[in-house]
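Student: What follows is a single structure, and I will ask about it in a moment.
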Amino acid sequence: MPEAPLRIAVIGGGPMGLAVAYELTRLGHRPILLEADDRLGGMAACFDFAGLQLERYYHFHCLSDSDFFAILQELNLSDQLQWRTTRMGFFCDGRLYRWGSVGAVLTFQRLPLLTRLRYLLHAARCLTIRDWHHLDELTATRWLRRWLGERGYQVLWHKLFAYKFFHYSDQISAAWIWSRIRRLAQSRRQLKETLGFLQGGSQQLIDALATAITAGGGRIALASPVRVLRPLPAGGAELTTPTGVQAFDRVISTIPLPLLAPVLRAGGVEDGLVERYAALPSVACACVVLQTRRPITANFWTNVNDARFAIPGVIEVSNLRPFTTHVTYVPFYIPAEHPDYQRPNAALIADAWACLQAINPDLTAADLLASHCSRYRYAQPVCGTQFQQTLPPLQPFPGIFTADTTAYYPEDRGISESIGYGRSLARRAIEAME
């Protein structure tokens, strides 16, 4: 008799979960993808913003995103990827400066010439580092101070760390910040920053992956949170969702690891292991999106160093992806336990608008057309030194795999990285079955 098909569940419908399910169907399996939200995409999920299909959180693509390019080709979407030369700015103590180019750095009068040269040398050094493991022993703040000196660090980096990580600022690994610097530095053509976007936004990729999964025999269940994961002695697990209890031979979870902790605890997993999931710190994000009648600047990205605003930067996505109006993201990264995370959306929107008006004093109330605020509890993992040693096991039980964006540390969260890791995780899970 032919063997019964393996029952495989994928938990989480973000880019990694979609990639896992997609790869499983390519390998001949028929997984079910369980997503707690009413839509796919995770942090890349889209919503209707004043008539625009827009991501809840900003996304862009770099020239080094090889796993992203590969899946676009397979999905016949390569012709939908567009590239644009972008600009960067730096709003420091009430003045907007050019930033991101050698010329901009050299003419930045807020710092001594020697510090500016050290900044450029550091950026160049990030491109030449191949083995990052020695950086895993250092904190990012210590490493940056070594290169730039205290004054250089305070002007260029202190506020970015303070308003992204709060009390975690001095814990972040140098390997993590190195990977971010290198990724953007590699996305240059003729020394000019070049970033990409899909003509239909992230929704175009999400829809194509969902179509490929269902065409390959997989199933997608929205509004299906997994409330209990109970490991089975023979391998796999019983999952409890709003529709009942179902057993699976293999379970691959891609949701944030701390979010999995109560699900495992409800399934009777011993406290010591559950705590390894629960103890991983993350910073939440309240991301304001503003639609305006005119652009704020000509920049895609503007770093902010201004005592009036707890904002690390603003992202004018319409200076990358053309819209009929102008769209700007203003992220507030706040620990979920911090009182500011409980502030109402209207207060955060008001702060975001005040920041944009400070950057561009010509803006008036009539220029603000629409606003929205999205919140995500586990937006930014806190990646400390020797971070990989703090992660729980990838396969805590036979037939159960648990991973999130921290799995590909030191790279930061990214669609390309999630796709590449998700596909490799699917192959690894299948190999473990054979």
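The values are calculated or read from the model by the stated rules, or taken from the named source; none is laboratory data. In this text, all values refer to a predicted model and were calculated from it rather than measured experimentally. Please note: Cβ atoms are built from the backbone with ideal geometry, for glycine as well, and neighbour counts cover all protein chains shown. Note: areas computed on protein heavy atoms with side chains; ligands, DNA, RNA excluded. Shrake-Rupley method; radii C 1.70, N 1.55, O 1.52, S 1.80 Å.
Student: For region 73-138, what is the accessible area per residue in Å² when the probe is 1.4 Å?
Tutor: That works out to 59 Å² for each residue.
Student: GNM on the chain, C-alpha springs below 10 Å: top fluctuator among Gly244, Gly267, Gly313?
Tutor: Its mean-square fluctuation being the largest, the pick is Gly244.
Student: Can you tell me which of Gln204, Gln357, Gln190 moves the most in a GNM of the chain? Springs connect C-alpha atoms under 10 Å apart.
Tutor: Taking springs between Cα atoms under 10 Å, the residue moving most is Gln190.
Student: From the gyration tensor of the Cα coordinates in region 88-129, what semi-axes in whole Å does the equivalent ellipsoid have, largest first, with each one equal to sqrt(5λ)?
Tutor: 20, 12, 8
Student: Moving to a separate point now. Put +1 on the Cβ of each Lys and Arg and -1 on the Cβ of each Asp and Glu in region 1-82; which of Gln82, Met43, Thr25 then has its Cα farthest toward the positive end of the dipole?
Tutor: Projecting each Cα onto the dipole axis, the largest value belongs to Thr25.
Student: Quick one: dipole size for region 1-58, taken about the Cα centre, charges +1 on Lys/Arg Cβ and -1 on Asp/Glu Cβ, in debye to the nearest 20. Each step should come with its number before you reach the end.
Tutor: On the way: 5 positive and 7 negative charges, 34 e Å.
Approximately 160 debye in magnitude.
Student: Quick query: amide H of Arg219 versus all other amide H atoms, modeled in the peptide plane; which residues come in under 5 Å with a sequence gap of 5 or more or a different chain?
Tutor: Result for Arg219 returns Ile32, Leu33.
Student: Okay, next question. Rounded to the nearest 20 debye, what is the charge dipole size of the chain about its Cα centre when +1 sits on each Lys and Arg Cβ and -1 on each Asp and Glu Cβ? Write out the running numbers ahead of the final one.
Tutor: Values: 43 positive and 37 negative charges, 273 e Å.
Value, rounded to 20: 1320 debye.
Student: Amide H to amide H, which residues 5 or more places from Arg39 or on other chains are under 5 Å from it, using H placed in the peptide plane?
Tutor: Under 5 Å from the amide H of Arg39: Ala223.
Student: Roll a 1.4 Å probe over the protein heavy atoms and report the accessible area of His134 in Å², nearest 10.
Tutor: 100
Student: Also: Give me the extension gain from Glu150 to Ala370: residue separation times 0.36 nm, minus the current Cα-Cα distance, reported in nm with one decimal.
Tutor: 75.2 nm
Student: With each run of n ≥ 4 DSSP H residues scored as -39500 (n - 2.57), what mean residue ellipticity at 222 nm is computed for the chain after dividing by its residue count and rounding to the nearest 500 deg cm²/dmol?
Tutor: That comes out to -10000 deg cm²/dmol.
Student: Principal axes first, then extents: for the Cα atoms of region 170-314, list largest minus smallest coordinate on each axis, whole Å, largest first.
Tutor: 57, 44, 32
Student: Leaving out ligands, DNA and RNA but keeping every protein chain, what accessible area does Val155 have, in Å² rounded to the nearest 10, with a 1.4 Å probe?
Tutor: Surface accessible to solvent at Val155 totals approximately 20 Å².
Student: Taking the Cα centre of region 289-383 as origin, sum charge times position over the Cβ atoms of Lys and Arg (+1) and Asp and Glu (-1), and report the length of that vector in debye to the nearest 20.
Tutor: My answer is approximately 220 debye.
Student: Considering only protein heavy atoms and a probe of 1.4 Å, how much of the accessible area of the chain is carbon and sulfur, as a whole percent? Before the final figure, lay out each step's value.
Tutor: Details: 9610 of 18410 Å².
Heavy-atom surface of the chain belonging to carbon and sulfur, 1.4 Å probe: 52 percent.
Student: Sticking with this structure for a sec: Hey, in the GNM for the chain with a 10 angstrom Cα cutoff, which one of Leu106, Leu229, Leu18 fluctuates hardest?
Tutor: Leu106
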